[in-house]
Amino acid sequence: MNFYSLINKSNVANFKEALVNGIAPDRGLYFPTQIPKIQEELLLNLSENELAFELIKPFVGNEIPANVLHQIIEDTLCFDFPLIQLNNDNFFLELFHGPTLAFKDVGARFMSRCLAYFSKNATEKVTVLVATSGDTGGAVAQGFYNVEGVEVVILYPKGRVSLIQEKQLTVLGNNIKALEVDGNFDDCQEMVKSAFLDKEIVSKIKLTSANSINVARWLPQMFYFAFAYKALKNQGKPIVFSVPSGNFGNICAGVLLKKMGLGIHHFIASCNANDVIPNYLKTGVYSTQASIATISNAMDVANPSNFVRIEAIYDGNLTTLKQDISSYSFSDEQTKIAMQNLLKKAQYITDPHGAVAFLGLEQYKTLNPDCIGLALGTAHPCKFLGVVEETIKSSVHIPLKIQELLTKEKQAIQISSYEDLKGCLLT
Ligand SMILES: *Cc1c(COP(=O)(O)O)cnc(C)c1O
C-alpha cells in the first residue's frame with residue numbers, strides 16, 4: 001500500500017518509507033491511498049491474531065513477508081484487552097495490561113518490530129530519537145528494548161514526569177539511552193527537531209522518529225476496537241466507543257476501521273478542557289488556543305495532529321463526520337466526581353483519562369440510551385497514583401512489574417543544551 005502526504009498528494013511513500021520518514025518531506029501526515037474493504041462475517045470467525053493480520057495486511061502489502069508479519073502481530077499482542085462490565089450495557093475496555101501499562105504499548109511494539117525487520121540487513125544502525133512528556137517515552141523504550149539494529153534516544157524534562165514514568169525510561173539500559181533535559185517538554189521537542197534538521201547529524205547517523213503520527217503506531221490501534229466489537233456483536237445492539245482523546249490517533253484508528261466496513265455504530269471523542277474539537281463539531285469554527293494543563297495530562301493537546309486524518313476519512317465533509325463522531329469536553333472537577341462515582345456505584349477504579357471517556361459515554365447515552373457503550377481505559381490507575389488516590393480516598397494496587405521497576409536504579413545522562421544532545425548522538 002502507498003501513503004500520500006495530506007499536504008501535497010503527489011508526495012507518496014510505501015509502508016517502509018512512511019514508517020522510516022514518520023512525516024512526509026512537506027511535513028504532512030501520511031494517509032493510505034486507498035481504504036481497504038473488509039468483510040465482517042469472514043473476519044469475525046477468525047482468532048484475534050488472524051483478525052489483526054487481516055486488518056493490517058493491506059497496509060503493509062508485500063513489504064513484510066506473511067510469516068514475519070504474523071510473528072510481529074504475535075509479539076505486539078502479548079497481553080489481553082479485557083472488557084469489564086460496569087452494568088448491563090456499559091463496559092470499560094482496558095488497554096493497559098501491556099509492559100508499560102499504557103495503550104501506547106500496542107503501537108510502539110508493532111512499530112519497533114517492523115523497523116527491526118526493515119533494518120535487519122542494513123549495515124548502519126537506526127537511531128530512534130524521541131521527546132516525551134510522559135507515557136510515550138516508556139512505551140517506546142519498552143517497545144524497542146533489545147530490538148536488534150535499533151538505538152533509542154529519549155529526551156524527557158527533568159522533574160516533570162512521574163516517578164514510575166521516569167523509571168520506565170531510565171532503568172532499561174542496553175540500546176535505550178535516556179537524556180534528562182534541564183528544561184520543559186517544549187525544550188526537549190525543540191532539540192529533537194533541531195537534530196532532524198542538522199546536516200552534520202543526518203549525514204552521520206540514520207535518524208527516525210517514533211511519535212504518535214507514525215503510520216506504524218497509528219494503524220495497529222485498530223486491533224482492539226475489532227476484538228471488542230467481535231466480543232459484543234452477538235448482543236445485537238449498536239456498539240459505541242468512547243475514546244479519551246488528545247492527539248486523536250487512537251480514535252482515528254477506530255474510525256478507519258468503521259470506514260473499512262466494520263459495523264461499529266458511533267464514536268465519542270471525549271476530551272478534557274482542551275476542547276478545540278468539541279467546539280469545532282459544535283460551531284464549525286476551528287480555533288486553537290494554548291494547551292491547558294489538566295489531571296488527564298496525556299490529553300493536554302491544543303491542536304490534535306491526527307484530526308486531519310479523520311477529516312480525510314470523511315473527504316472533508318463535516319456533516320457526515322458528525323453522523324459518526326460526537327465530541328464532548330469535561331472539566332477536572334467533573335472528571336474527579338466521575339472517578340468517585342465509578343468506585344461507589346460500580347466498584348471500579350479508573351485513571352483520569354478513563355474517567356473522561358466514561359463521562360463522554362454517559363453524555364452520549366442521555367440521548368441514545370439503547371446501545372452498548374465501551375469506554376476505553378488507556379492507562380492503569382497506578383500511573384496517575386497521586387491524583388487517583390487523593391480523589392477516591394483509597395489506595396490503588398500497584399502491579400508487581402511496577403513494584404520491581406521502582407527498585408531499579410535510574411541511569412540518565414543530564415543535558416542542558418542542543419550541543420549536549422549533539423555530543424551524545426555523535427559519540
Ligand atoms: C496518549 C494518551 C491518550 C490520548 O491518545 P491520542 O491517540 O493522542 O488521542 C489518552 N490517554 C492516555 C493515558 C494516553 O497516554
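Annotations
- Counting other Cβ atoms within 10 Å as a rough exposure proxy, the listed residues Asp105, Asp324, Asp351 run Asp324, Asp105, Asp351 from fewest neighbours to most.
- Dipole of the range 176-318 computed with +1 at Lys/Arg Cβ and -1 at Asp/Glu Cβ about the Cα centre; of Ala290, Ile310, Ser203, farthest Cα towards the positive end is Ile310.
- Length added when fully stretched, Leu426-Ser194, from 0.36 nm per residue minus Cα-Cα: 82.1 nm
- Applying a threshold of 31 Å to the alpha-carbon distances of Lys344/Lys365; Lys204/Lys258; Lys16/Lys401; Lys204/Lys410; Lys16/Lys410 flags Lys204/Lys258; Lys16/Lys401; Lys16/Lys410 as lying beyond it.
- The dipole here belongs to the range 302-421: it is taken about the Cα centre, uses +1 on the Cβ of Lys and Arg and -1 on the Cβ of Asp and Glu, and is about 440 debye.
- Dipole magnitude of the range 220-368 about its Cα centre (Cβ charges: Lys, Arg +1; Asp, Glu -1), debye to nearest 20: 580 debye
- Here's the picture: charge each Lys and Arg Cβ at +1 and each Asp and Glu Cβ at -1 in the range 1-105, and of Leu69, Leu43, Gly28 the one pushed furthest to the positive end of that dipole is Gly28.
- Debye, to nearest 20: dipole size of the range 109-222, +1 on Lys, Arg Cβ, -1 on Asp, Glu Cβ: 400 debye
- Two-site FRET efficiency, Lys206 against Asn341, from Cβ-Cβ distance with R₀ of 41 Å, rounded to 0.05: 0.20
- Contact order normalised by residue count of the range 332-427, Cα under 8 Å, 6+ apart, percent: 24 percent
- Gyration tensor verdict on the range 1-124 (Cα atoms; rounded if a/c is under 1.5, prolate if a/b is larger than b/c, oblate otherwise): prolate
- When you restrict to C-alpha pairs under 8 Å that are six or more residues apart and normalise by the size of the chain, the relative contact order lands at 18 percent.
- Within the range 109-200, GluC sites (Glu not before Pro) in DSSP loop having at most 10 other beta-carbon neighbours inside 10 Å: Glu124, Glu148
- Above-threshold pairs, the threshold being 18 Å between Cα atoms, out of Lys37/Lys259; Lys57/Lys259; Lys233/Lys322: Lys233/Lys322
- Shape category assigned to the range 224-343 from the gyration tensor of Cα positions, a/c cut at 1.5: oblate
- Sequence of Ser47, Ser326, Ser417 once ranked by neighbouring C-beta atoms within 10 Å, starting from the fewest: Ser47, Ser417, Ser326
- Relative contact order, percent, the range 1-148 [alpha-carbon distance under 8 Å, six or more residues apart]: 17 percent
Rule-based calculations on the coordinates, nothing more; no lab input. All figures in this text were calculated on a predicted structure; none of them were measured in a lab. Cβ sites come from the backbone with ideal geometry, for glycine too, and all protein chains shown count toward neighbours.
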